[in-house]
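One structure is given here, and the rest of the page talks about it.
The values are calculated or read from the model by the stated rules, or taken from the named source; none is laboratory data. These numbers come from a predicted model, not from an experiment. Positions of Cβ are backbone-derived with ideal geometry, glycine not excepted, and every protein chain shown enters the neighbour counts.
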Amino acid sequence: MKYIPFLLLISIVSIVSSCSDDTTTNNPGVPAGTVMYSADSISVWLSTTGFARDSVSYSTSETGSVLVEFTIQSNVDTPSAYGKFGFYTNATPVVPYIPNIYAPIDEPFSTNLSFASGSTYFAFMVQLNNYAATFPRYVRLKSVKVTKQ
């Protein structure tokens, strides 16, 4: 009989401690406004003649809408140099974005994308062909950011 209050107290503490905030269960996924991927820059530089390429990729199981932003910069000048950058993803709409660069450029790029289900991936690529070693050439994606919408 003297153990009944003790057992009652343990029962109440067990019930109260089993109650928790199920935020992750009730609100799964990445919250809107969260930066899912970022990079200061993805770049290639050549001070001699030749070819250079760099790429990075990111994948997640997240679905929904995202905003992709970066600035494309280059000092190529055809016929001395030729550049290219790519942005690939399995989003809707499908985005195989591979523009050629023939002249100096410093422009922002942004696009909204939607991912229906399954794994989500992004791949960013820069490429440079330098035909004359007059001065260092570069192609870069600056301030790359993928944000959940």
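Remarks
- Selection of strands (runs of 3 or more DSSP E) fully inside segment 48-140 by the criterion of at least 3 residues being more than 14 Å from the chain's Cα centre (by Cα) and farther than 25 Å from V30 by Cβ returns 50-60, 64-74, 81-89, 105-115, 120-130.
- The requirement of being farther than 30 Å from Q149 by Cα and surrounded by 11 or more Cβ atoms within 10 Å (Cβ to Cβ) is satisfied by G83.
- Check on Q149, closer than 29 Å to G33 by Cβ, of a type outside the set (K, R), surrounded by fewer than 13 Cβ atoms within 10 Å (Cβ to Cβ) and in contact (Cβ under 8 Å) with a residue 60 or more places away in the chain: yes
- Only one entry of T34, T48 meets the criterion of being over 16 Å from R140 (Cβ atoms), at pLDDT 90 or above and surrounded by 13 or more Cβ atoms within 10 Å (Cβ to Cβ), and that entry is T34.
- If you check Y82, Y88, Y138 for being among the aromatic types (F, W, Y) and at pLDDT below 90, only one passes: Y88.
- Screening segment 62-78 for residues that are in contact with a Ser or Thr (Cβ under 7 Å, 6 or more places away or on another chain) and of a type in the set (D, E) and picking the one that is nearest to Y88 (Cα to Cα) gives E69.
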